[in-house]
Amino acid sequence: MVHTARRQEWILYSDLNREVSEDADTVPFDFSRDTDRAALGTLLADIVKADLLHSRFMVSSVVKLSASDGPGDGFYSLAENLGHLEAGASEDRKFEFWVEQLKLTHDHYRRRV
């Protein structure tokens, strides 16, 4: 995700899945299985929580469902659980929050190229 942020881009879950499996030399998550989708969500949440110890943004904001969509519901649930997004936020507010997080992430990593 950091490489993606440094390039000022975003990455699809499917592409991230492929990169993670190649880097770790493991079998990719099978998104047709609930357990595998949950496992990737847990991995992303763990990364965000660890990163928040020294940052003010959710680095997983660079991961999207598709080219025309934003992040998955897990991104917003995590943001609510961490107190970064108000519970029951409207779809417009969620989109606004995601854009804010993506900008913060890109801004942070642009300075570190």
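The values are calculated or read from the model by the stated rules, or taken from the named source; none is laboratory data. From a predicted model like this one, the values you see are computed outputs, not experimental measurements. Cβ placement follows ideal geometry from the backbone for every residue including glycine, while neighbour counts extend to all protein chains displayed.
A compact table of results
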{"read-out": "Qualifying residues in segment 44-56 (those that are modelled with pLDDT of 95 or more and surrounded by 15 or more Cβ atoms within 10 Å (Cβ to Cβ)) - the one farthest from THR4 (Cα to Cα)", "value": "ALA45"}
{"read-out": "Which listed residue is in contact (Cβ under 8 Å) with a residue 24 or more places away in the chain, within 26 Å of ARG112 (Cβ to Cβ) and β-branched (Val, Ile, Thr), from VAL20, VAL48", "value": "VAL48"}
{"read-out": "Residue satisfying condition, being of a type in the set (S, T, N, Q) and under 18 Å from GLU80 (Cα atoms), within set THR35, THR42, THR4, THR26", "value": "THR42"}
{"read-out": "Residues within segment 65-103 that are in contact with a strand residue (DSSP E or B) (Cβ under 7 Å, 6 or more places away or on another chain) and either within 15 Å of VAL48 (Cα to Cα) or in contact (Cβ under 8 Å) with a residue 60 or more places away in the chain (or both), tallied", "value": "1"}
{"read-out": "Residues satisfying the stated conditions in segment 1-53, i.e. touching a strand residue (DSSP E or B) at 6+ places or on another chain (Cβ under 8 Å), part of a helix (DSSP H, G or I) and closer than 22 Å to ALA79 by Cβ", "value": "THR4, TYR13, LEU16, LEU44"}
{"read-out": "Residue, farthest from VAL99 (Cα to Cα), within segment 5-41, restricted to residues that are of a type in the set (Val, Ile, Thr) and surrounded by 12 or more Cβ atoms within 10 Å (Cβ to Cβ)", "value": "VAL20"}
{"read-out": "Single match in ALA87, ALA38 (criterion: over 14 Å from MET1 (Cβ atoms), of a type in the set (A, V, I, L, M, F, W, C) and more than 16 Å from the chain's Cα centre (by Cα))", "value": "ALA87"}
{"read-out": "Within segment 54-64, tally of residues that are free of Cβ contacts under 8 Å to residues at least 24 places away in the same chain and either touching a Gly at 6+ places or on another chain (Cβ under 9 Å) or assigned to a strand (DSSP E or B) (or both)", "value": "0"}
{"read-out": "Residue count, segment 97-113 (criterion: under 13 Å from VAL2 (Cα atoms) and either surrounded by 12 or more Cβ atoms within 10 Å (Cβ to Cβ) or among the basic types (Lys, Arg) (or both))", "value": "10"}
